[in-house]
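To keep things clear, I will list the structure first and then write my remarks on it.
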Amino acid sequence: MTTSPGASHPAAGETALAGSQARPPLLRVEGLACHFGGVLAVQDATFDVRHGTITGLIGPNGAGKSTVINLISGSTRPGQGSVRFNGDEIAGQRPHEIAHRGIVRTFQQANVFGGLTVLENLLVGAAPWRGERVSAALGRKQAWSATQSGLLDQAWDILRRFGLEGIANDYARALSGGQRRLVELMRALMAQPALLLLDEPMAGVHPALAASIADRLLEMRDAGMTMLMVEHELRLVEKLCDPVVVMARGTVLAEGSMAELQSNQEVVDAYLGGGGGG
Ligand SMILES: Nc1ncnc2c1ncn2[C@@H]1O[C@H](COP(=O)(O)OP(=O)(O)OP(=O)(O)O)[C@@H](O)[C@H]1O
Ligand SMILES: [Mg+2]
């Protein structure tokens with residue numbers, strides 16, 4: 001990451017982490033609550049996502065993790081509470097308004113357009129406010145303008161970074177589950193998100209492919225991207241996420257590094273003790 005002249009540098013002895021903690025969080029979730037009929041899916045959830053982190057979100061099945069992702073991304077409206085992004089209140093806004101602010105998500109069930117090629121899937125992920133609507137361009141490929149060729153360059157860049165140029169023209173419906181997850185992730189990157197919400201990006205993915213996704217996520221973090229990631233596989237959480245937020249029964253139990261959480265008896269009893277990832 002570059003720093004501009006006059007930007008505040010950490011003083012000698014002060015760690016980069018301490019510097020980032022002095023900065024207001026990118027996302028602040030406070031007192032968030034949501035119920036479905038009689039089921040209180042999320043109650044009083046409070047945590048921060050700091051700039052440049054991959055913040056983990058873990059907890060048993062039904063803990064409310066996906067609901068929290070849905071509440072942040074606007075696909076579910078909160079009953080109570082606040083979600084502040086860069087200081088602005090976004091709770092209750094519509095998904096496209098939230099996406100417009102730079103919050104992009106992937107889904108627990110990989111969500112790709114089967115009838116489009118991999119390359120076309122990436123192009124529809126490009127933020128439509130960045131120029132002519134890509135969906136229009138897809139309908140008349142011969143008319144791709146300079147704007148679109150910029151998007152094409154960006155799509156090929158991402159495909160190369162993931163080593164997937166070879167499947168650019170394959171239809172998404174022909175891909176394996178793991179490849180679909182990669183397509184979904186690459187499509188999210190086309191929007192150049194300020195905050196990427198990942199709901200179990202490695203679930204059901206072959207371990208070798210999961211390791212490759214993990215490496216890409218670390219590269220993205222090192223390039224300055226901020227992520228909030230739901231994950232059950234605790235070895236991956238340990239490798240990728242710091243801090244980690246633990247949810248159980250709709251509420252946040254604890255937040256800290258995996259090492260800190262492993263010595264927290266309440267967290268061990270609620271999740272980690274039972275073998276954790278399930
Ligand atoms: N649309 C919905 N309608 C009714 N109940 C829901 C809905 N979505 C979630 N729930 C309930 O809310 C609770 C939290 O669900 P959620 O999907 O957020 O859990 P999760 O932590 O993501 O679990 P998992 O690890 O299995 O993905 C569960 O009891 C679930 O059954
Ligand atoms: Mg879930």
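The values are calculated or read from the model by the stated rules, or taken from the named source; none is laboratory data. As the structure is a prediction and not an experimental result, all values here were calculated from the model. Methodologically, a virtual Cβ is constructed for each residue, glycine included, from the backbone with ideal geometry; neighbour enumeration extends over all protein chains shown. When the accessible area is computed, the model is the full protein with side chains, heavy atoms only, and any ligands, DNA or RNA have been set aside. Shrake-Rupley method; radii C 1.70, N 1.55, O 1.52, S 1.80 Å.
If you filter segment 1-23 down to residues that are open to solvent by 70 Å² or more (accessible area, probe 1.4 Å) and part of a helix (DSSP H, G or I), you find that the one that is modelled with the lowest pLDDT is ALA16. Reported count of residues in segment 189-220, each being over 24 Å from GLY74 (Cα atoms) and not hydrophobic (A, V, I, L, M, F, W, C), is 7. If you filter segment 90-107 down to residues that are assigned to a loop (DSSP other than H, G, I, E, B) and either in contact with a His (Cβ under 6 Å, 6 or more places away or on another chain) or within 16 Å of ligand 1 (Cβ to nearest atom) (or both), you find that the one that is least open to solvent (accessible area, probe 1.4 Å) is THR106.
Among the residues of segment 186-206, is there at least one that is more than 17 Å from VAL104 (Cα to Cα) and open to solvent by 60 Å² or more (accessible area, probe 1.4 Å)? Within segment 186-206 (the criterion being more than 17 Å from VAL104 (Cα to Cα) and open to solvent by 60 Å² or more (accessible area, probe 1.4 Å)), the answer is yes, since at least one residue qualifies.
Of the residues making up segment 108-130, not a single one is crowded, with 22+ Cβ neighbours inside 10 Å and in contact with a strand residue (DSSP E or B) (Cβ under 6 Å, 6 or more places away or on another chain).
The strands (runs of 3 or more DSSP E) located wholly in segment 24-89 that include 3 or more residues which are within 16 Å of ligand 1 (Cβ to nearest atom), open to solvent by less than 10 Å² (accessible area, probe 1.4 Å) and without any contact (Cβ under 8 Å) to a residue 60 or more places away in the chain occupy 27-36. For segment 227-278, a residue qualifies if it is β-branched (Val, Ile, Thr) and assigned to a strand (DSSP E or B), and the qualifying residues are VAL230, VAL244, VAL245, VAL246, THR251, VAL252.
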